[in-house]
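Every number here is computed from the coordinates shown, using simple stated rules; none is lab data. Every value quoted in this text rests on a predicted model; they were computed, and no experiment measured them. Please note: Cβ atoms are built from the backbone with ideal geometry, for glycine as well, and neighbour counts cover all protein chains shown.
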Amino acid sequence: MADHLLEVDDLTMYFHTRDGVVKAVDGVSYTLDKGETLGVVGESGSGKSVTALTMMGLIQMPPGKVERGDAKFKGRSLINMKEEEIRKIRGNEIAMIFQDPMTSLNPVYRVGMQVAEPLMIHKGMSKRDANKQAVELLRLVGIPNPEARVKDYPHQFSGGMRQRAMIAMALACDPDVLIADEPTTALDVTIQAQITELMQELQKRTGSAIIMITHDLGVVADMADRILVMYAGRMVEYGTTDEVFYSPLHPYTWGLMDSIPTQNLVEKTALRPIDGQPPSLVNLPSGCSFHPRCPYAQAKCVTDVPAYHLVDGTHGAACHFAGDPGFVRGCSLEVMV
Amino acid sequence: MTMAEHHKHDRHDEQSLVEQHAVRDSRAGLPAGPPIIEELAHMHNDGVVARDETVGRTLWGDAWRRLRRNKLALIALIWLVVMVTAAITADLWVSKLFGDPATINSATAMSNRLLDPSLAHPLGTDTMGRDMLGRLIYGARASLTVGLSAVVISVAIGLLLGALSGFYSGITDSLIMRMTDIFLAFPYILFCILILAMLPTSARGIGPVILSIGLLGWPSFARLFRGSVLSVKENDYVDAGRAIGASDSRLMFRHIMPNAIAPVIVYATMSIGGAILTEAALSFLGLGIQPPEISWGRMITDGQRLMDTNPGLVFWPGLMIILTVVSFTLLGDGLRDALDVKMKD
Amino acid sequence: MFQYIARRVLQFIPVFFGVTLILFLIANYLPGADPVQLKIGEKSLDPARKAQIVHQLGLDRPWYTQYIDYLGSLSIVHATYYDGSTPTTTTVDGSLATDGSVAFVIPSVPGPVPNGPVFVHVSDSQTVTRGAWGRFAIGSLAIEFDKPDLGTSLATGRPVIDILGQAYPYTVELALAAILLEIFFGIGAGIVSAVKQYSFWDILVTLTSSVLVSLPVFWLGIMLQQVFGIWLKHITGGAFYLPPLFDGSPDAKFPHFAYLILPAITLASVSTAYAARIMRSQLLEVNGADYIRTARAKGLSSTAVLWKHAMKNAMIPVVTFIGLDFGAMLAGAILTETVFNWPGIGWTIYKAIVGKDFPIVFGGVTVVLLVVMVVNLFVDVSYAFLDPRIRYGGTGE
């Protein structure tokens, strides 16, 4: 099997704080290949963003600490890299875009300068060349009149345009991996579609891999090749998009599916949000973290922590009963419309 | 559903807290903001209570617990309690122990002047044979009186105007805000100096000092309280109260006040320190508390000439001022953390 | 941006009137104070003489008339209407005071328009100079330029404005020196403190600034005087020390700047502590911002993140603070100047208070307030240039 572009293996990171240990990331594993899109899905607090930040070395250690596991990029361990080395990768081979483009862009610098910055750092371009390239990048992401807009400040852009500018900034050095952390959450629904379309287009052109972090299943349904579902810091389901959407294994995933407003409902059914709230990462429930909210929880779920295991090919879940055909069939009839 | 929404909001905050403040450099270099992960955990430990729900017991009980953990604030509080007790009871015991600190006993004045520290006079005596420690205690009484009274005046005016301004908006608001602009344009000491300088010497004293400091200090409180009132006004439970027909003043007292009062308490505590410094400066210039009344500032003036031979005359009063003001500042800081008030510097 | 500036200027106008009105009310109506004695000194007067003086000073006119006169006296620009044929060097009654009406303050004086400065009556026994700095006439209406009139010193009879004018350069000098110290040490300490948070330096800076902020400035001055002026002299046998008091005479032992050192340090101390705190808290706050995270995700080194991205944002409030602080220092630093005998505005006002020379006190405070208000306005307006969100307002769609 060819080497993967990005290989995350049992990555575990806890925050050691005065009030307890926050198990922010617990045993996450996945792979990412060139041109592939991975959708990482979960509620707020599920650890989906922190996993990416840990890989990029953007978490302060202490109080954070990688307890075990690794993330390898092109065969090299990101976790064990020195700061100077990983800095060369950030913004260059792996780029990130963040949720709120208004606060993620520096308000006192012109947009053009911020887009040009990675070029100057990583490619050693002169200010003039980098700025010229910035204009082209803005054009690439669909910002009209880029020669003029390049001199503007972030507050002079609209929300959608700002996010486009952030994408331009991330793509400046032609990264192999683009990590998008909730890129559309802060935007209007209409703009959301534009941005995801843009990302897909650009991916076709550049061939980069994308990690799409979101709480919105609808966004990844279209874009992603594989989906990783996270809950309370742990991975609960992982597989191809078709696998996860058409034969979800974990009750949490079932719950997420149920709450997607879809147009193809046979009959009118009420949207069923999952009862309860995500747990405190300092004070996780015993056994399976999901058991307090799981409609199908059994005695075993309260006492034993379910390990992630493969059920079918590369499709797996962290549930005691995943893969038990009787259990799945019995429950899913209730869930699927 | 409202509670769940609130809690969902908390969760989102928690997520962005973890992210936001997790972005740091693992070497030396730019650390992220204030320590937050505690906040994270703290929000969990508090359980399912939405943050701005119950104000009554939960807020103050919590606050006291948090304050107790802050050692500096506790030390400050203890020192202040000691001082206040000494100052209040001064009349009862100071004269007996150290002799009258105010009046000059012409019989012993010259023989007793400028004595070195001894058991009878732990900090020595001043140029008129009066015991220094006794004088310092009476000075404490003056300073604390001025500090507390002036701030009480400022708070009273400030709360009233701030409440009117925030609650009624419109023209009342603009007018009052203009007035705060005007009063804030005055450099503090200069204003007090002007007023006190104009009074004939006989009319000066502790009263005018308190008034001039108090009358100038209200704008900050008005603005602060107005801000609190405005933000609290938006909340659901105020509308709910209005829906059941509560009158304006009832709304203000029962619902808005408890929430809005916390920053005022914090700022008031810190202002007492400022008032004490101002009083000391005014007394130093001879415009404040007049002899034979005792003030630390005045003691510094009197001792200035003999700085070379008897530096203690200037040093001790100054030290007392510093300790007292620092205590109020530390206490104010502690209160701010305990009451979880977010105030910009 | 222009909206912002216009708004600020518009806000300034009512504040200006409010402040001058309050000053005026204090001067004339403060309970416990006698405005007559303040203007002519503490003399005992029998009632008849007193009434005469009250009328002479124009104190029996309605308050709004007196207030407008007061504003007029502060102004450099005046207007006078020369409409008659009688020679203008003769003193003539103006139309303003006696009927109490508040027309716009343009006294009407028999003309023709004169060539040099003249004396004009604006009320019974109130004569002012007009045109000493120039005149410019449109028909019979003349626009005239004069020094502001703040009264005359009771002790020396010199115009207050001259006395203040002599003293102000010293205050400006002191303020500049103190501001330089504040900028260098305050910002520096703040940066070090924020970058090495919780380290030894941070704790040192935090503690020191907490103490400095609680320090009585005059006490610090006296202590510094003692330590560096007198004890240092003893220790080094007179070889090396700093002068404790100002000496402006030609045969002074030290060069002028040496006398500036201790007062500047004293004056700067409290402000530096505040500046360091603000710098530190701003930097820490900015650090938590999303755009800093973005900068790091782009691969910038921590130094680059600090100096390029963080500082530019954090500095804005710091610069504003220092600007306002400069204004406060120009307010005369009365305590510092008094301790060191530094002959600036503060010292002048204090000497006048002790000597009961009230015109100087009042004139001095007036001038100081106006300077502070103008500096504050200036700082406010400059904020528009510092923050691009205000400089280029509006969102693009």
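From the gyration tensor of the Cα coordinates in chain C, what semi-axes in whole Å does the equivalent ellipsoid have, largest first, with each one equal to sqrt(5λ)?
Numbers: eigenvalues 464, 189, 64 Å².
In descending order the semi-axes read 48, 31, 18 Å.
Can you give the net charge of the other residues whose Cβ lies under 12 Å from the Cβ of residue A:315, counting K and R as +1 and D and E as -1?
On the way: positive: A:226; negative: A:237, A:242, A:243, A:312.
Once all neighbours under 12 Å are counted, the net charge is -3.
Run through every distinct alpha carbon pair of the stretch C:135-180 and return the Kirkwood hydrodynamic radius in angstroms, one decimal place. Before the final figure, lay out the partial values.
Numbers: mean 1/r = 0.0745 Å⁻¹.
After inverting the mean inverse Cα-Cα distance, the result is 13.4 Å.
Give or take rounding to whole Å, what are the principal axis extents of the alpha carbon atoms in the stretch A:54-172, in descending order?
Principal extents (largest minus smallest coordinate, Cα): 49, 28, 22 Å.
Restricting to Cα atoms and excluding each atom paired with itself, what does the Kirkwood estimate give for chain A in Å?
21.1 Å
Counting other beta carbons within 10 Å of each residue's own, what order do C:309, A:122 fall into, fewest first?
On the way: C:309 26, A:122 20.
By the 10 Å Cβ count, ascending: A:122, C:309.
Around residue A:127, under 15 Å between beta carbons, what's the net of Lys plus Arg minus Asp minus Glu among the other residues?
+4
Report, as a whole number in µm² per second, the diffusion coefficient that Stokes-Einstein gives for the stretch B:108-193 at 25 °C and 0.890 mPa s using the Kirkwood radius over alpha carbon pairs.
The calculation lands on 146 µm²/s.
For the stretch C:185-257, what is the largest minus smallest coordinate of the Cα atoms on each principal axis, given in angstrom and ordered from greatest to least?
The principal-axis extents, from largest down, are 50, 24, 23 Å.
Do any of A:72/C:196; A:34/A:72; A:151/C:298 go past 23 Å between their Cα atoms, and which?
A:72/C:196
To the nearest 10 degrees, how steeply does helix C:200-213 sit against the main Cα axis of chain C, on a 0 to 90 scale?
So the helix axis and the longest Cα principal axis differ by about 20 degrees.
Report Rg (one decimal) and Dmax (nearest whole number) for the stretch C:248-397, counting Cα atoms only, units Å.
21.4, 70
How high is the FRET efficiency from residue B:95 to residue B:127, r the C-beta distance, R0 25 Å, rounded to 0.05?
Using R0 = 25 Å, I get an efficiency of 0.85.
Determine the shape class of the stretch A:1-88: with a ≥ b ≥ c the square roots of the Cα gyration tensor eigenvalues, call it rounded for a/c under 1.5, and otherwise prolate if a/b is greater than b/c, oblate otherwise.
Values: a/c = 2.12, a/b = 1.39, b/c = 1.53.
Oblate is the answer for the stretch A:1-88, as a/c is 1.5 or above yet b/c matches or exceeds a/b.
Using the 10 angstrom Cβ neighbour count as an exposure proxy, how do A:196, B:309 rank, fewest first?
B:309, A:196
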